[in-house]
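A.B. asks: Supplied in structure tokens, the structure appears directly below.
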Amino acid sequence: MLSGLRALVTGASSGVGRALALELSRRGVHVLATARREPLLSSLAAEQAAGLCGPAIVYAAGDITSADFRRHVIATAVEQIGGLDIVVAAAGSGAIGAFGAAAPDTLNRIMEINFFAPAELVRQSLPVLAASYDPAVVFVGSILGYHSLPLHADYCAAKSAVRSLAGTLRMELEADGIGVLLASLGPTESEFWNHLISGRRPEWSRGKQMTAARTAVAITVALERRRREILPGFQAKAFVLIARLFPSLITAILKQRFQRDVAVDHNQPQ
Ligand SMILES: NC(=O)c1ccc[n+]([C@@H]2O[C@H](COP(=O)([O-])OP(=O)(O)OC[C@H]3O[C@@H](n4cnc5c(N)ncnc54)[C@H](OP(=O)(O)O)[C@@H]3O)[C@@H](O)[C@H]2O)c1
């Protein structure tokens, strides 16, 4: 049961982080929500308050890639919700394009938001989590942490690194009683494609997607059950299963599927 616990949720202004903040609050968790867009955090708190269910959501707006802001957010959690039992690293962003033609800054920015920020947030949170009687960390990863996709090199690298980090921390933090959950998402309805660091939304992304609300329920249930790893939805499970059982087949399919897009992208001015 999660009721009465205290959670920090990053990426809470939209998509999965927002849905998760609401779902956790609905289950009685005291949530500190964070992201850069303050008006969206304010409307999240208002939506929760209007639902009259669960403790009020408090929020702090800022850039989670800044070490100072991460320190501020953890201090705010101690001050406003009395500490932390759960840290959810959901903030993330994507980039599309041929690796060879991309600006080096794209790789830096993708690694900053998808890997360094969650990794350092968890490290900075450990002293506070240690005071909890049942602490947990949640990394929101991607199925692209299991198998790469052409034109998504930076993002795949970042999400693979997140998956690797989650695996190591799961072993290292077990002795301190800190659970580590990796939720690797497949295509999910959110603002993800509206805020790419570079490139344009690809056609393949317009297919069937999980809703952010269903994803949030899957993550919350996994937290309650102390699961270590989940792949919410059929598409995510099928992709990872095929990638594991038939890696050469999936590589051939993806190469074929993206051949034309890669050729076009190489010829585009950056
Ligand atoms: N949607 C998918 O198909 C999909 C698939 C696999 C994995 N994922 C992962 O799921 C997670 C949630 O993404 P989403 O799909 O819900 O997309 P989203 O709606 O775009 O949400 C991303 C969140 O991250 C926040 N964010 C981005 N950069 C930030 C920064 N520098 N500082 C603070 N907050 C920042 C955004 O808020 P502000 O702009 O207000 O800062 C927003 O709240 C990400 O880690 C993403 O990689 C998504």
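The values are calculated or read from the model by the stated rules, or taken from the named source; none is laboratory data. Predicted model, so just to flag it, every value in this text is computed and none were measured. Using ideal geometry, Cβ is built from the backbone for each residue, glycine included, and neighbour counts are taken over all protein chains shown. Just the protein is used for accessible areas: all its heavy atoms, side chains included, with ligands, DNA and RNA removed. Shrake-Rupley method; radii C 1.70, N 1.55, O 1.52, S 1.80 Å.
A.B. asks: With the other protein chains left in place, how much accessible area per residue, in square angstrom, belongs to the stretch 6-266 at a 1.4 angstrom probe? Before the final figure, lay out the partial values.
C.D. replies: Details: 12040 Å² over 261 residues.
Value returned for the stretch 6-266: 46 Å² of accessible area per residue.
A.B. asks: Next question, about the same structure. Please build a GNM for the chain, connecting alpha carbons under 10 Å apart, and tell me which residue among ILE253, ILE178, ILE197 fluctuates the most.
C.D. replies: ILE253
A.B. asks: Could you estimate the translational diffusion coefficient of the stretch 6-266 from the Stokes-Einstein equation, with Rh from the Kirkwood formula over C-alpha pairs, at 37 °C and 0.692 mPa s, in whole µm²/s? Intermediate values should be presented prior to the final figure.
C.D. replies: Values: Rh = 18.7 Å.
After rounding, the answer is 176 µm²/s.
A.B. asks: Size of the dipole of the stretch 6-266 about the Cα centre, Lys and Arg at +1 and Asp and Glu at -1 on the beta carbon, nothing else charged, in debye to 20?
C.D. replies: Charge dipole of the stretch 6-266: 800 debye, to the nearest 20.
A.B. asks: Among ALA21, LEU121, ALA75, pick out the residue whose Cα is farthest towards the positive end of the charge dipole of the chain, where Lys and Arg carry +1 and Asp and Glu carry -1 on C-beta, about the Cα centre.
C.D. replies: ALA21
A.B. asks: Pop out the carbon and sulfur fraction of the accessible area of the stretch 6-266 as a percent, whole number, probe 1.4 Å. Display every interim value, and only then the final one.
C.D. replies: Working: 6780 of 12040 Å².
Within the stretch 6-266, the accessible surface is 56 percent carbon and sulfur.
A.B. asks: Another one. Ordering ASP85, ASP261 by accessible area with a probe of 1.4 Å, largest first, what comes out? Can you show the working numbers first?
C.D. replies: Details: ASP85 5, ASP261 45 Å².
Accessible-area ranking of ASP85, ASP261, largest first: ASP261, ASP85.
A.B. asks: Starting from the coordinates of the alpha-carbon atoms of the stretch 16-81, obtain the Kirkwood hydrodynamic radius over all distinct pairs and give the value in Å to one decimal.
C.D. replies: Working: mean 1/r = 0.0836 Å⁻¹.
By the Kirkwood definition, the hydrodynamic radius is 12.0 Å.
A.B. asks: With N denoting the number of residues in the stretch 1-125, provide Rg(C-alpha) divided by 2.2 N^0.38 Å, to two decimal places. Working shown, then result.
C.D. replies: Details: Rg = 15.2 Å, N = 125, 2.2 N^0.38 = 13.8 Å.
Relative to the rule-of-thumb radius for its length, the stretch 1-125 sits at 1.10.
A.B. asks: Rank SER148, SER13 by accessible area, highest first, at a 1.4 Å probe radius? Walk me through the numbers before you get to the answer.
C.D. replies: Values: SER148 70, SER13 10 Å².
Ranked from most to least accessible, the order is SER148, SER13.
A.B. asks: Test of understanding: what is the full-extension gain from GLU38 to GLU79, defined as 0.36 nm times their sequence separation minus their Cα-Cα distance? Walk me through the numbers before you get to the answer.
C.D. replies: Details: separation 41, 0.36 × 41 = 14.76 nm, distance 1.93 nm.
Value of the extension gain: 12.8 nm.
A.B. asks: Using the membrane-span-like helix rule (whole DSSP H runs, Cα extent along the own axis of at least 15 Å, mean Kyte-Doolittle hydropathy at least 1.0), which helices of the chain qualify?
C.D. replies: Working: long enough: 15-26 (17 Å, 0.42); 38-51 (20 Å, 0.32); 67-81 (21 Å, 0.15); 117-129 (17 Å, 0.61); 153-172 (28 Å, 0.07); 212-224 (18 Å, 1.25); 234-245 (16 Å, 1.28); 247-266 (25 Å, -0.09).
What comes out of the filter, once short or polar helices are dropped, is 212-224, 234-245.
A.B. asks: Give the separation of the Cα centroids, the stretch 5-79 to the stretch 144-195, in Å.
C.D. replies: What the calculation gives is 21 Å, centre to centre.
A.B. asks: If amide H atoms are built 1.01 Å from N in the plane of the peptide, which residues on other chains or at least 5 residues away come under 5 Å of the amide H of VAL31?
C.D. replies: ALA7, VAL58
A.B. asks: Here's another thing I want to ask about it. Can you list the residues of the stretch 209-242 with backbone N under 18 Å from a point 7 Å past the Cα of MET171, pointing along Cα to Cβ?
C.D. replies: Within reach of a label on MET171, which here means backbone N under 18 Å from a point 7 Å along Cα→Cβ, the stretch 209-242 contributes 228-229.
A.B. asks: Under a point spin-label approximation (7 Å from Cα along Cα-to-Cβ), what is the ALA131-CYS53 distance to one decimal in nm?
C.D. replies: 3.2
A.B. asks: Picking from LYS255, LYS237, LYS159, which is most flexible by a Gaussian network model of the chain using Cα springs under 10 Å?
C.D. replies: LYS255
A.B. asks: Related question: Between PHE139, PHE246, PHE192, where does the largest GNM mean-square fluctuation fall for the chain, given springs only between Cα atoms within less than 10 Å?
C.D. replies: Result: PHE246 has the largest fluctuation of those listed.
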